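Worksheet: the structure to be examined is printed underneath.
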Amino acid sequence: MKRPAFISWSCLLLMATGCQSTKSEETANSAAEAPVAAASPALAQAEALARRFGPVLRGAWVNAGYLQAVQQTRSPLQAAGLVGAVSELHLNPAARTGDSLVFNAGFANHEGATLTLYFRPGRQVAALPTSYRSYELPGSFTELSYEATARDTTLHLTTYAKNRQAREQLSFKRTSSVPGSQLQALSYAVQRLLFAGRYTGADSLAVPPSWNSRLMGA
């Protein structure tokens with residue numbers, strides 16, 4: 001009569017072991033899923049900001065102050081002092097990874113590098129933090145914001161000092177598609193501003209040619 005008791009204790013032992021194993025697996029699965037769940041709010045926030053900012057930011061942007069100076073002086077050389085520390089931006093929201101977008105930027109119309117735009121809340125309602133820092137302001141930080149009107153949209157790259165006071169702001173206007181290398185947007189915009197139009201001419205005998213030329217910018 002002892003054998004049934006032995007079988008009963010064995011079954012109980014196997015059942016207890018099985019339950020313990022199941023609970024351990026559930027705990028392990030919960031632990032593995034925890035980081036994903038913790039990251040979800042930040043990712044959802046990035047997605048929401050990307051939907052809001054993406055259509056506005058897409059494209060090539062050039063320094064608006066410099067373009068205005070070129071238009072007034074008709075001389076890129078005279079306007080060179082207003083080109084700004086950042087002369088152009090190339091933003092492609094489709095290249096975003098998570099909450100970060102790495103993009104090309106031109107500096108002082110002389111050289112280029114990459115910056116990062118973060119799809120996280122900025123100080124202003126329509127602003128996103130960036131990786132750009134001013135060497136002249138240790139501890140500074142910079143945000144990219146936009147200002148939309150019925151006719152146009154302007155981007156603002158605002159640098160804040162360590163005390164969170166705005167110290168510098170550069171404005172950018174969108175330019176049309178840029179052929180060739182991406183970091184030619186400012187040069188292309190200046191050429192189009194100065195030379196685009198319809199041209200007629202005459203030869204050495206003052207005879208007009210039989211054609212008209214329309215220069216769209218090179």
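Of all residues in the range 49-81, how many are touching a residue at least 24 places away in the same chain (Cβ under 8 Å) and among the basic types (Lys, Arg)?
Residues that pass the stated criteria total 2.
Restricting attention to strands (runs of 3 or more DSSP E) lying wholly within the range 132-218, give those where 1 or more residues are hydroxyl-bearing (Ser, Thr, Tyr) and at pLDDT below 85.
Of the strands (runs of 3 or more DSSP E) lying wholly inside the range 132-218, those with at least 1 residues that are hydroxyl-bearing (Ser, Thr, Tyr) and at pLDDT below 85 span 197-199, 213-215.
Across the range 109-148, what is the number of residues that are out of contact with any Ser or Thr (no Cβ under 7 Å at 6 or more places or on another chain), charged (D, E, K, R) and more than 20 Å from residue 49 (Cα to Cα)?
Qualifying residue count for the region: 2.
Please give the number of the condition residue 120 fails out of (1) in a loop (DSSP other than H, G, I, E, B); (2) within 17 Å of residue 171 (Cβ to Cβ).
The one condition residue 120 does not meet is (2).
With the condition kept exactly as written, say whether any residue in the range 72-95 is among the aliphatic types (A, V, I, L, M), more than 30 Å from residue 126 (Cβ to Cβ), in a loop (DSSP other than H, G, I, E, B) and at pLDDT below 95.
yes
Say we look at the range 104-126 and pick out the residues that are within 30 Å of residue 190 (Cβ to Cβ) and buried (at least 19 other Cβ atoms within 10 Å of the Cβ); which of these is modelled with the lowest pLDDT?
109
Residue under question is residue 134, and the condition is that it be touching a Phe, Trp or Tyr at 6+ places or on another chain (Cβ under 8 Å), surrounded by fewer than 18 Cβ atoms within 10 Å (Cβ to Cβ) and without any contact (Cβ under 8 Å) to a residue 60 or more places away in the chain; does it hold?
For residue 134, the condition - touching a Phe, Trp or Tyr at 6+ places or on another chain (Cβ under 8 Å), surrounded by fewer than 18 Cβ atoms within 10 Å (Cβ to Cβ) and without any contact (Cβ under 8 Å) to a residue 60 or more places away in the chain - is not met.
The values are calculated or read from the model by the stated rules, or taken from the named source; none is laboratory data. The shown structure was predicted, so the numbers you read here are calculated from the model rather than taken from an experiment. Please note: Cβ atoms are built from the backbone with ideal geometry, for glycine as well, and neighbour counts cover all protein chains shown.
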